[in-house]
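Presented below is the structure to which this report refers.
What follows draws every value from the coordinates through simple rules; no lab data is involved. The structure displayed is predicted, hence computed values, not measured ones. Note: ideal-geometry Cβ built from the backbone for every residue, glycine included; neighbour counts use all protein chains shown.
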Amino acid sequence: MKKDIRWVVTRIDGKIASVSADFRHLPRIAAQVSRLPDGAVNEIVVSKVGMDEIADLSATTKWEDLRLFGTPFQLNVWRRLYSLTHHDDGTPILPGEGIKLLSYSQLANLCDNPKGVRAVAHAVACNPVAYIIPCHLIVPKESIDKIISIREVAQGTIFKGTDLYLLDSIEVGEYEYGSDLKRRVIERQLYSR
């Protein structure tokens, strides 16, 4: 049995500023807060939660509940990522309702920047709110191609209509906290609830 990760959640005046598997975002958040005018921030709270709690938090967090520090470009990419798991009204998209893996080029197209794949990939890597803003759903194009191939083969079997990602057989790509955790998070978001 794999050990349940403890996610570090940082809130600024009640809004979520970061979710991380460690404390690496705290210095960046402190630097951003220090640039704000006096009195702009009243309280910073850091807590640790388990995987169940972070999944519940993701299901209840609306875009307006986030306090993000980023460029307009990064905020656009993060908003598009958020929309992969949340409807326009902020309610979660449940497994089986359309959550899917995308390639970086597919995400760049969603961000209306098809030629900016590297810039979009960099914004994905800078995501400060892991799980809630689902950067883990972005995988290499080769993996998307393999999934499409698997689906085509599955159509001729008793598994047709079943979404067989076979997470153990595809490359999920880079993740700040390691590919094993990325697989676990993808699996949970795609198939659990």
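For the reader, a short list of remarks on this structure follows.
- Packing order of peptides 45-56, 16-27, highest average first: 16-27, 45-56 (average count of other Cβ atoms within 10 Å over each peptide's residues).
- Max mean-square fluctuation residue, GNM over the chain, Cα-Cα springs under 10 Å, options K146, K62, K182: K146
- Choice from T157, T61, T85 with maximal GNM fluctuation in the chain (Cα, 10 Å cutoff): T157
- In this structure, the amide hydrogen of A17, modeled 1.01 Å from its nitrogen in the peptide plane, lies closer than 5 angstrom to those of T10, R11, I12, R67, counting only residues at least 5 positions away or on a different chain.
- Applying 1/(1 + (r/R0)^6) with r as the Cβ-Cβ distance of D88 and D56 and R0 = 22 angstrom yields a FRET efficiency of 0.55.
- Once the mean of 1/r is taken over each pair of separate Cα atoms and inverted, the range 43-193 shows a Kirkwood hydrodynamic radius of 16.2 Å.
- Taking 0.36 nm per residue of sequence separation and removing the Cα-Cα distance, the E152/S47 pair yields an extension gain of 33.4 nm.
- Length-normalised contact order of the chain in % [C-alpha pairs under 8 Å, at least 6 apart]: 20 percent
- Residue with peak Gaussian network fluctuation, the chain [Cα springs, cutoff 10 Å], from R35, R118, R183: R35
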